[in-house]
Each structure stands twice: as C-alpha cells, then as structure tokens.
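Enquirer: Please find one structure pasted underneath; my questions will follow.
The values are calculated or read from the model by the stated rules, or taken from the named source; none is laboratory data. Keep in mind that this is a model prediction, so the values were computed, not measured. Glycine also receives a Cβ, built like all others from the backbone with ideal geometry; neighbour counts cover every protein chain displayed. In case anyone asks, the SASA skips ligands and DNA or RNA and just uses the protein heavy atoms, side chains included. Shrake-Rupley method; radii C 1.70, N 1.55, O 1.52, S 1.80 Å.
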Amino acid sequence: MTQVRAAAVTVGQLIDQVHKRFADANLSYGHGTDNAWDEAVYLVLWMTDSADDESSLALTVSVERVEEIVALSTQRIEQRVPLAYLLGCCQFMGYEFLLEPGVVVPRSPIGYLIDGPEQPWWPKRVQRILDLCSGSGCLGIVAAHSFLDAQVTLVELDPTAAALARENVQLHALEDRITVLEGDATTLFAGLEPGWDLIITNPPYVDKADMQVLPAEYRHEPVHGLAGGEDGLLLVDEFLHVLPEQLAHNGAFVCEVGASSGAVNRKHADLPIVWLELPHGGEGVFLLEGQALSSHTAAQNSEF
C-alpha cells in the first residue's frame, strides 16, 4: 500500500498524495462525494481549515497535521469507513452538520429541491413543515433555512439520531422554530395535528435484495436507517395510508425512494404521483400534491 510520507508539504501536494491513495484503493463513494479526487480535496481542506480555492494550494501543512490526515486516510481505506464518520461532521447543501456512527450520512437529493431555486410545486404559504425519519435533522434544518416563516417538526425513531438532530438544531440556532419528536414515525405521523404544508421524508427504502449487496462503506451505516423491507416500501406504504388526512389541501409531500421507485409505480399506480427531476444527481424522488391527492381520495370514496 502506498504511504504518504509524514513531512511538511503544501495543501496541493497533500491532496495529490491522498488522491492517489484513494484512487488505488478502489473505494466506494456516495457519502458526500462521488470520486477519489473530491474525497481527497474534502479531507485535506477540512483538516487544514483551508478555503476551497486555488490560493490554498500553496499553503504549508505542518508535520503533525499531515500525520493526522495520513491516519484518517488509512482508516478510510483499510476499514472502508465513510469520511463523514471519521471527521464527525459533514457539509450538506453548504451547511455544516454534526455526525456520528449509527446515524445515516446526509446526502438526500431532496436537499437540492428545498434549498435551490423556487420550485413550481412549492405551496404558496409554507408555515408548517414535517420531516419524517429525520435522522441527523439535515433536511428539516435545510427547510427551515429556506422557509424562514415556517415551524418545522422532525420525527425520528432512533434515540441516537434524535439526540444528534437536537444538537444540530442548536448548532444552527433554530431551537425556536424546530421541534424534535422521538418515536415511531408512522404512529406519530397519524397522531399529529393535520394540515401540514410541506412533508418531506427520506425513509429507509433499500429493498431486501439490494441490502445483500451494499458496498462496505454503506454497511457502516445503521441497518434500520437503510432497510425498507422486502420491496423497500415498508414505511412509505404506511405514510401514504395516513397522508390524505395529514397533508394540507394546498400542501406537498416529497419522498425519496431511490431504486425502489419501480415498486412504488407497481403498488401505487393509481396515485397522482409525479417523479421529480434531480439535476444534481440521485434517483427516485416523488411528489404528491395535496389538491391532486384530495381529488383522488374523493373519487375513491365515491366508488363505495
């Protein structure tokens, strides 16, 4: 295995050396970066507290900091640990989030939909936002930054993730606008006061077959945060059952199901689902608008 010599080098030289190690190691990506170069850049710039611009490349890195980066890159290679776990934090949608093992790494393309240019499906007034299966709280926090007049509720089953979400809410100084509820998402969802303007969710959606072939990096993430049952829709089916009572008439429900999109089309072909374009990558994010869902529900009820 190629080793990076622990000596004072420049940021640019260190990026090159770490990149070579990562490229030679045949790593899997998808936890904030998608290639060896971006991963090396992220690691070195983060650990040296350097700006992401050309002027940083000539900065000298101390021997002590080089040793730390060498150790982290070695752990990344030998143990296949996602970089975000090694650093204890990550960047998502331009924001910093605390992270720890046992909590899914933020990466949902829903972030680009709620933090980018205004979408035609956005409700005209967004005052109440619900993030189901919130994990670290990243999507709900991004939504709070995008919809400045909204109150946001995060729902998370896992105590570790819920505690981390509260820390991230504090980190972003959003305690007055974000509430974290700990408990079963389906039960809490059904019991909440209805009329949500925007409901977002990145639930566990990996089906049984795909869970068997996950790359080593993904196996460091909690199974309960990824596994969605036989067809990947264990929680999604439950959410869709409750949704007509909880979504505001002019609201929007946005859900990520990734490669389980085919199962959604097969099981819920009757629903007025719209698959959203994801210009920044990712797959399988669908939209249900409140008005269309209300019309669909009314038509169904009239048949009985």
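Enquirer: How much solvent-accessible surface does TRP196 expose, in Å² to the nearest 10, with a 1.4 Å probe and all protein chains in place?
Expert: For TRP196, solvent-accessible area is about 10 Å².
Enquirer: Please arrange CYS255, CYS133 by accessible surface area, largest first, computed with a 1.4 Å probe and ligands excluded.
Expert: Result of the area sort, largest leading: CYS133, CYS255.
Enquirer: Antiparallel versus total DSSP beta bridges in region 98-180: what percent is that, nearest 5?
Expert: In region 98-180, approximately 0 percent of DSSP beta bridges are antiparallel ones.
Enquirer: Here is a follow-up. Count the net charge of all other residues whose Cβ sits under 15 Å from the Cβ of HIS172, scoring Lys and Arg as +1 and Asp and Glu as -1.
Expert: -4
Enquirer: Moving to a separate point now. Keeping the other protein chains in place, figure out the carbon and sulfur percent of the accessible area of region 23-147, with a 1.4 Å probe.
Expert: Carbon-and-sulfur percentage of accessible area, whole number: 47.
Enquirer: Just to be sure I understand, if you calculate semi-axes √(5λ) of the Cα gyration tensor in Å for this structure, which of (i) 39, 20, 16; (ii) 42, 31, 17; (iii) 33, 20, 18 do you get?
Expert: Read-out taken from this structure: (i).
Enquirer: Here is a follow-up. Given a 1.4 angstrom probe, what's the average accessible area per residue across the chain, in square angstrom?
Expert: So the chain comes to 47 Å² accessible per residue, rounded to a whole number.
Enquirer: How large is the accessible surface of LYS267 in square angstrom, using a 1.4 angstrom probe and rounding to the nearest 10?
Expert: So the heavy atoms of LYS267 present about 100 Å² to solvent.
Enquirer: Here is a further query. Can you tell me the dipole magnitude for the chain around its Cα centre, using point charges on the Cβ only (Lys, Arg +1; Asp, Glu -1), in Debye to the nearest 20?
Expert: Charge dipole, the chain, about its Cα centre: 260 debye, nearest 20.
Enquirer: So if R0 is 35 Å, what FRET efficiency would SER295 and GLN91 give, r being the distance between their Cβ atoms, rounded to the nearest 0.05? Intermediate values should be presented prior to the final figure.
Expert: Values: r = 41 Å, r/R0 = 1.16.
The computed FRET efficiency comes out at 0.30.
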